[in-house]
Amino acid sequence: DARRSEGTLIIARTDAIAVDGLQAAMDRAGAYTEAGADVLFVEAPRTAAEMQQITNTFGAHIPLLGRRQRL
């Protein structure tokens, strides 16, 4: 609701995995999507399975931002 320009891109980031675990990060990412984020960045999945879960849950609905790292 606070977006003032269509030219504004909102990137929502959570690093909750490190402190609260994957489920907390997934819950936050879902809330960001519902709030109107344009892109999600779920920081630091610990395993390939976590990365796949993030992708399966959100990848078809919203672009995902991440960095390539060896798991």
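The values are calculated or read from the model by the stated rules, or taken from the named source; none is laboratory data. Everything numeric in this text was worked out from a predicted model, so none of it was measured. Counting neighbours? That spans all protein chains shown, and the Cβs are built from the backbone with ideal geometry, glycine included. Note: areas computed on protein heavy atoms with side chains; ligands, DNA, RNA excluded. Shrake-Rupley method; radii C 1.70, N 1.55, O 1.52, S 1.80 Å.
Residue 60 versus (1) open to solvent by 70 Å² or more (accessible area, probe 1.4 Å); (2) within 11 Å of the chain's Cα centre (by Cα): which is the lone unmet condition?
(2)
Report the residue count in segment 3-13 for those that are open to solvent by 90 Å² or more (accessible area, probe 1.4 Å) and part of a loop (DSSP other than H, G, I, E, B).
3
Are there any pairs, at least 6 apart or on different chains, whose C-beta atoms fall under 8 Å, with the first in segment 40-56 and aromatic (Phe, Trp, Tyr) and the second open to solvent by 30 Å² or more (accessible area, probe 1.4 Å) and part of a loop (DSSP other than H, G, I, E, B), and if so, which?
Once the first residue is aromatic (Phe, Trp, Tyr) and sits in segment 40-56, its partners that are open to solvent by 30 Å² or more (accessible area, probe 1.4 Å) and part of a loop (DSSP other than H, G, I, E, B) give 41/65; 41/66.
Among the residues of segment 17-43, which ones are among the acidic types (Asp, Glu) and part of a loop (DSSP other than H, G, I, E, B)? Write out each step before concluding.
In the first step, residues of segment 17-43 are kept if they are among the acidic types (Asp, Glu); the result is 20, 27, 34, 38, 43.
Selection gives 38, 43.
Could you list, in sequence order, all residues of segment 13-71 that are more than 25 Å from residue 1 (Cβ to Cβ) and hydroxyl-bearing (Ser, Thr, Tyr)?
Selection gives 47, 55.
Tally time: how many residues in segment 14-52 are at pLDDT 95 or above, open to solvent by 70 Å² or more (accessible area, probe 1.4 Å) and in contact with a Leu (Cβ under 8 Å, 6 or more places away or on another chain)?
Of the residues in segment 14-52, 1 are at pLDDT 95 or above, open to solvent by 70 Å² or more (accessible area, probe 1.4 Å) and in contact with a Leu (Cβ under 8 Å, 6 or more places away or on another chain).
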